[in-house]
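Undergrad: I have a structure I would like to understand better, so I am pasting it below and will then ask my questions one at a time.
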Amino acid sequence: MTTMIDVRGVEKSFTLHNQGGASFSVLERAQLQVASAECVVLHGQSGAGKSTLLKALYANYAVDGGSIELRDGKQMVDITTALPRRILALRERTVGYVSQFLRVIPRVPTLEVVMQPLLDLGVERAVCQAKAEDLLSRLNVPQRLWSLSPSTFSGGEQQRVNIARGFIVDYPILLLDEPTASLDASNRKVVVQLINEAKARGAAIVGIFHDEDVREAVADRLVDIRAL
Amino acid sequence: MNSICEQPAMLNSDDWQDMEPLLSVQNLSKFYAPGKGCGNVSFDLYPGEVLGIVGESGSGKSTLLNSLSARLVPDEGHVIYRSEQFGELDLYQGEESLRRQLMRSEWGIVHQHPRDGLRMNVSAGANIGERLMAVGERHYSEIRQRAIEWLQAVEIDASRIDDRPSQFSGGMQQRLQIARNLVTHPRLIFMDEPTGGLDVSVQARLLDLLRNLVAQLGLSVIIVTHDLAVARLLAHRLMVMRRGEVVETGLTDQVLDDPQHPYTQLLVSSILQN
């Protein structure tokens with residue numbers, strides 16, 4: 001088994017300088033190893049630091065200590081010390097992040113929103129489009145919406161567009177921050193399928209899921225965040 | 001010509017490890033008075049990279065931009081630029097004519113107010129053509145053809161080629177200014193609040209356009225803005241300035257989502273959420 005994610009001794013605290021300098025520690029000496037073709041589900045109470053850890057794995061949050069290594073081909077890259085452009089390159093082809101929330105530029109059509117990450121890798125447009133259409137269909141986003149900007153869509157529709165976008169590239173590492181929150185049962189099932197397909201092709205997955213059925217359907221391992 | 005935000009695309013990201021910086025800034029300082037200007041700024045800009053400079057009015061952003069783009073001689077420090085034509089240059093050690101030549105060819109400057117970057121009393125086509133002629137293009141039909149292509153690239157109807165910028169809307173003027181800059185295929189663009197004077201609806205269109213052009217052409221950009229949403233959309237990396245000093249720097253989304261410095265925290269928390 002190949003180690004894809006290697007987290008060692010990670011410390012993370014937040015200091016709110018403009019609110020009296022209040023400081024609180026969220027992660028203390030966090031450890032986590034994830035292998036390829038493995039799905040680890042982070043578990044713990046609200047506020048325990050699940051999301052913080054996931055964001056640190058994407059270098060969206062800076063950590064105060066420790067190391068976070070992600071596999072990029074034969075190399076392990078420590079994203080706590082890597083240059084910004086190294087991290088951006090990793091995010092383009094190696095590590096994907098799917099949240100519940102879609103950020104869009106007004107006037108960009110749904111199909112383009114979904115295709116973009118694959119287009120950015122230089123993949124032929126027709127290939128990107130076919131894959132985007134397939135994902136949108138599977139996630140039950142009606143075809144008549146594909147040419148419209150998702151900025152006016154309902155929350156659930158935007159969320160599914162975002163999931164399609166997150167799965168358009170076959171990232172070796174996938175980080176999922178409650179992608180199924182507020183989806184109905186049939187769409188949850190589609191997401192579970194997508195996750196299991198990603199696992200089958202060897203992706204290392206770390207996720208946060210509040211729905212127990214999803215958790216049971218995808219998790220190889222539950223990791224209690226306080227016990228990290 | 002479409003795309004989304006989350007993260008601006010990095011062109012040629014495979015080559016990240018072998019590249020030399022396009023621009024190296026070392027201990028650059030320019031002060032008009034104590035606290036007015038910018039002090040001790042150092043950074044490297046790599047090919048294809050978009051650097052955002054954010055901070056409140058008076059924080060020294062524009063002074064820094066002007067000092068980087070050879071428009072304002074700094075008090076101290078060096079700006080090293082790796083030129084396609086001239087090799088490695090220490091900007092303020094060289095001849096001024098050299099800097100002027102760079103500005104006409106390898107560099108572009110997009111001003112906040114289009115009237116600072118355009119000639120308002122000559123046609124749109126001439127505004128674009130002028131830059132081409134400055135780099136030696138002489139054939140009228142070729143110049144006009146290129147002008148038409150660039151008008152279309154910035155979504156201005158080709159039939160407007162003989163109209164003057166004064167007959168254009170603010171958004172169109174700004175797009176024309178961009179076309180004028182890009183026609184000579186510059187490698188490095190300096191932008192000062194490019195969406196500053198525009199309506200929100202016009203801003204979105206311009207941002208989408210800029211984002212795509214930057215990615216397609218693999219441009220390096222230094223963009224000054226006080227609008228953090230603009231910075232998030234366009235910049236790979238941010239530099240936060242306050243009272244002439246850089247207080248925080250890093251990956252754009254990291255600086256905006258997990259700001260460390262008290263001033264950056266204040267800046268980020270002051271945005272109204274909708």
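The values are calculated or read from the model by the stated rules, or taken from the named source; none is laboratory data. The model shown is predicted, which means the values in this text are computed figures rather than measured ones. Methodologically, a virtual Cβ is constructed for each residue, glycine included, from the backbone with ideal geometry; neighbour enumeration extends over all protein chains shown.
Undergrad: Would you confirm whether or not region A:126-141 contains a residue that is surrounded by fewer than 22 Cβ atoms within 10 Å (Cβ to Cβ), within 14 Å of another protein chain (Cβ to nearest Cβ) and not β-branched (Val, Ile, Thr)?
TA: Yes.
Undergrad: Output the residues belonging to region A:57-86 that are within 9 Å of chain B (Cβ to nearest Cβ) and under 20 Å from A:Gly9 (Cβ atoms).
TA: Of everything in region A:57-86, those that are within 9 Å of chain B (Cβ to nearest Cβ) and under 20 Å from A:Gly9 (Cβ atoms) turn out to be A:Tyr58, A:Ala59, A:Asn60, A:Tyr61, A:Ala62.
Undergrad: Those residues that are of a type in the set (A, V, I, L, M, F, W, C), part of a helix (DSSP H, G or I) and over 25 Å from B:Arg82 (Cα atoms), I need them from region B:96-125; list them, please.
TA: Once the filter is applied, which keeps residues that are of a type in the set (A, V, I, L, M, F, W, C), part of a helix (DSSP H, G or I) and over 25 Å from B:Arg82 (Cα atoms), region B:96-125 yields only B:Ala124.
Undergrad: If the requirement is being more than 21 Å from B:Arg232 (Cα to Cα) and touching a residue at least 40 places away in the same chain (Cβ under 8 Å), which of these qualifies: A:Arg71, A:Arg107?
TA: The conditions single out A:Arg71.
Undergrad: Kindly indicate which of A:Val114, A:Val26, A:Val77 is more than 16 Å from the chain's Cα centre (by Cα), under 24 Å from A:Phe209 (Cα atoms) and of a type outside the set (Ser, Thr, Tyr).
TA: Numbers: A:Val114 fails: more than 16 Å from the chain's Cα centre (by Cα); A:Val77 fails: under 24 Å from A:Phe209 (Cα atoms).
Step by step, each of A:Val114, A:Val26, A:Val77 is checked, and only A:Val26 is more than 16 Å from the chain's Cα centre (by Cα), under 24 Å from A:Phe209 (Cα atoms) and of a type outside the set (Ser, Thr, Tyr).
Undergrad: Now for a separate question. Would a scan of region A:27-44 turn up a residue that is within 29 Å of B:Leu234 (Cβ to Cβ) and either assigned to a loop (DSSP other than H, G, I, E, B) or within 14 Å of chain B (Cβ to nearest Cβ) (or both)?
TA: Within region A:27-44, not a single residue is within 29 Å of B:Leu234 (Cβ to Cβ) and either assigned to a loop (DSSP other than H, G, I, E, B) or within 14 Å of chain B (Cβ to nearest Cβ) (or both).
Undergrad: Would you mind finding the one in B:Gln203, B:Gln260, B:Gln167 that is out of contact with any Leu (no Cβ under 8 Å at 6 or more places or on another chain), more than 10 Å from chain A (Cβ to nearest Cβ) and free of Cβ contacts under 8 Å to residues at least 40 places away in the same chain?
TA: B:Gln167
Undergrad: Please name all residue pairs, on different chains or six or more residues apart, with Cβ atoms under 9 Å, provided the first residue is in region B:135-158 and is on the phi > 0 side of the Ramachandran plot and the second residue is in a helix (DSSP H, G or I) and of a type outside the set (A, V, I, L, M, F, W, C).
TA: B:Glu155/B:Arg175; B:Glu155/B:Arg205
Undergrad: With the requirement that a residue be within 14 Å of chain A (Cβ to nearest Cβ) and at negative phi, what does region B:214-226 give you? If you could, list the steps in order and put the result at the bottom.
TA: So in region B:214-226, the residues within 14 Å of chain A (Cβ to nearest Cβ) come out as B:214-216, B:218, B:220-221.
Scanning region B:214-226 gives B:Val214, B:Ala215, B:Gln216, B:Ser220, B:Val221.
Undergrad: Sticking with this structure for a sec: Need the failing condition index for B:Leu233 against (1) within 14 Å of chain A (Cβ to nearest Cβ); (2) crowded, with 22+ Cβ neighbours inside 10 Å; (3) at pLDDT 90 or above, just the number.
TA: Among (1) within 14 Å of chain A (Cβ to nearest Cβ); (2) crowded, with 22+ Cβ neighbours inside 10 Å; (3) at pLDDT 90 or above, the lone unmet condition for B:Leu233 is (3).
Undergrad: Next up: Please go through region A:32-51 and pick out each residue that is among the polar types (S, T, N, Q) and modelled with pLDDT of 95 or more.
TA: Matches in region A:32-51: A:Gln33, A:Ser36.
Undergrad: How about region B:237-257: which of its residues are more than 15 Å from B:Glu56 (Cα to Cα) and not aliphatic (A, V, I, L, M)?
TA: B:Arg237, B:Thr249, B:Gly250, B:Thr252, B:Asp253, B:Gln254, B:Asp257, listed by residue number.
Undergrad: For region A:185-211, what are the residues that are more than 29 Å from A:Arg29 (Cβ to Cβ) and among the charged types (D, E, K, R)?
TA: Listed by number, the residues that qualify are A:Arg188, A:Lys189, A:Glu197, A:Arg201, A:Asp211.
Undergrad: So B:Gln273 clears everything in (1) more than 10 Å from chain A (Cβ to nearest Cβ); (2) modelled with pLDDT of 95 or more; (3) more than 20 Å from B:Glu193 (Cβ to Cβ) except one condition, right? Which one?
TA: Evaluating B:Gln273 over (1) more than 10 Å from chain A (Cβ to nearest Cβ); (2) modelled with pLDDT of 95 or more; (3) more than 20 Å from B:Glu193 (Cβ to Cβ) leaves (2) as the failure.
Undergrad: Is it the case that B:Leu98 is on the phi < 0 side of the Ramachandran plot and at pLDDT 90 or above?
TA: For B:Leu98, the condition - on the phi < 0 side of the Ramachandran plot and at pLDDT 90 or above - is not met.
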